[in-house]
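To start, the structure itself, in structure tokens.
The values are calculated or read from the model by the stated rules, or taken from the named source; none is laboratory data. Since we're looking at a predicted model, the values are computed, not measured. Glycine also receives a Cβ, built like all others from the backbone with ideal geometry; neighbour counts cover every protein chain displayed.
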Amino acid sequence: MNIVDIIVKKKEKKELTRSELEFAFNGYLDGVVKDYQMSSLLMAICLNGMSDLETFNLVDIFIKSGDVLDLKNIPGIKVDKHSTGGIGDKITLIIGPIVSSCGVVVPKMSGRGLGITGGTIDKLESIKGFRVSLTEEEFLNQIKDIGFAVTSQTKNLCPLDKVIYALRDVTGTTDSIPLIASSIMSKKIAGGADKIFIDIKCGNGAMMKDMASALKLKDIMERIGKYYHKETICEISDMNIPLGSNIGNALEVIEAMEVLKGKTGALRDLSVKISKEMVAIAKNISLSDAEKEVLEVLDSKRAYQKFLEFVKYQGGDINSLKVSQYTDEIKASRNGIVKTINALNIGRLSCFLGAGRVSKEDMIDYSVGIVLNKLVGEKVEIGDTLFTLYKKDDNKIDINIDDYYEIK
Ligand code: URA
């Protein structure tokens, strides 16, 4: 078998066999297939898609590249959650503490930023000392002890997703339904949870730009979950405007903590919605009973305390969170109401500031990002600060406000 023939076959829109997929993907993990060859194959998959059979085979190859966690000895139903990625989406940092405070175990395997969308692992690394690569034993002990842990793909857990994910991030190959489905579902199945909740983001700041693609992704992920005997619920949520106010790694951890301490708004609303669904499927109770439990742990700050416990357990020093001292306030030049905020352009700007990667070797600057001072529906007067840039240095950045905010 030859990798070039496999690339050409996909370029010609033909179906790859299981052994061709194994040859290409396992070969990449082993270093036999090179970055430039895998980039080319990923682009051909992005452009020409994959059949269901190819996608199911790819999920299985990803899973078998590492171990599958056995959580049978952990009491209760274990529910995992994943987002397909959006701008300002720090929901995992909020729902993990909420749902585990309700007594439901949340074993979470996460990824880094992908394209312009942020990743939970990068966000957590903005906390000094936070360990994102747990061994299997550490992961199991932690979920037994405190009910919630986050680990990245490691040498033992979905290593193939880790390397493919990093390559997709910098080769414009993120927005492919079969690649997203295999990346997410392999992590979720290897993570060992009984039930899986997927938040599919849809809109200009997401990988799924329209409802038809979001529905396609939902369908294939639910079928993959079923095949592996995991109840999988996919819900579609809007990503035409950023989620919450803060975009950027440390800034997003800060906002997650604010919500756990009582901040209201769209971010809290979506966190409550997802949390109650997770609690309801885990405990087999009604959504309204689940909501009562969720609001109780939020309002009593038990979920906030759980967040602090989780950070400390994984070695993080929450007092170390740092945002850049170099800021620019972008002011309104007209009166009106904020009609919309362009998630795509805000995500691009955040990456440009240094919160995301352009090449695999890029180091993220955890302290940079954007705070939206005015949100959709708010009244604006000339001179009000619309948003604040947290930059890596004092250099001026030219901003055309109309690219980000529509004010009418
Ligand atoms: N999240 C993942 O883990 N993988 C993707 O491909 C997209 C979002």
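Some points to look at:
- Any hit, the stretch 380-399, residues being part of a loop (DSSP other than H, G, I, E, B), surrounded by 13 or more Cβ atoms within 10 Å (Cβ to Cβ), in contact with a helix residue (DSSP H, G or I) (Cβ under 7 Å, 6 or more places away or on another chain) and not small (Gly, Ala, Ser): yes
Here's the yes/no breakdown for (1) more than 21 Å from residue 157 (Cα to Cα); (2) touching a strand residue (DSSP E or B) at 6+ places or on another chain (Cβ under 6 Å); (3) among the hydrophobic types (A, V, I, L, M, F, W, C):
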position: 21; (1), (2), (3): no, no, yes
position: 30; (1), (2), (3): no, no, no
position: 40; (1), (2), (3): yes, no, no
position: 45; (1), (2), (3): yes, no, yes
position: 51; (1), (2), (3): yes, no, no
position: 55; (1), (2), (3): no, no, no
position: 66; (1), (2), (3): no, no, no
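- Residue that is surrounded by the most Cβ atoms within 10 Å (Cβ to Cβ) [pool: residues in the stretch 117-137 that are without any contact (Cβ under 8 Å) to a residue 40 or more places away in the chain and assigned to a helix (DSSP H, G or I)]: 120
- In the stretch 191-206, the residue that is nearest to residue 270 (Cα to Cα) out of those that are more than 14 Å from the chain's Cα centre (by Cα) and away from the ligand (no atom under 13 Å from the Cβ) is 203.
- Selection count where residues are outside any loop (DSSP other than H, G, I, E, B) and in contact with a Cys (Cβ under 9 Å, 6 or more places away or on another chain), scope the stretch 227-241: 3
- Inclusion of residue 339 among residues that are at pLDDT 95 or above, in contact with a strand residue (DSSP E or B) (Cβ under 7 Å, 6 or more places away or on another chain), of a type in the set (D, E, K, R) and surrounded by fewer than 23 Cβ atoms within 10 Å (Cβ to Cβ) is warranted.
- Given (1) buried (at least 22 other Cβ atoms within 10 Å of the Cβ); (2) within 14 Å of the ligand (Cβ to nearest atom), index of the condition residue 148 fails: (2)
- Members of the stretch 357-379 that are loosely packed, with under 13 Cβ neighbours inside 10 Å and either of a type in the set (A, V, I, L, M, F, W, C) or over 25 Å from residue 120 (Cβ atoms) (or both): 358, 363, 377, 379
- Within the stretch 151-190, considering residues that are within 12 Å of the ligand (Cβ to nearest atom) and part of a loop (DSSP other than H, G, I, E, B), the one surrounded by the fewest Cβ atoms within 10 Å (Cβ to Cβ): 175
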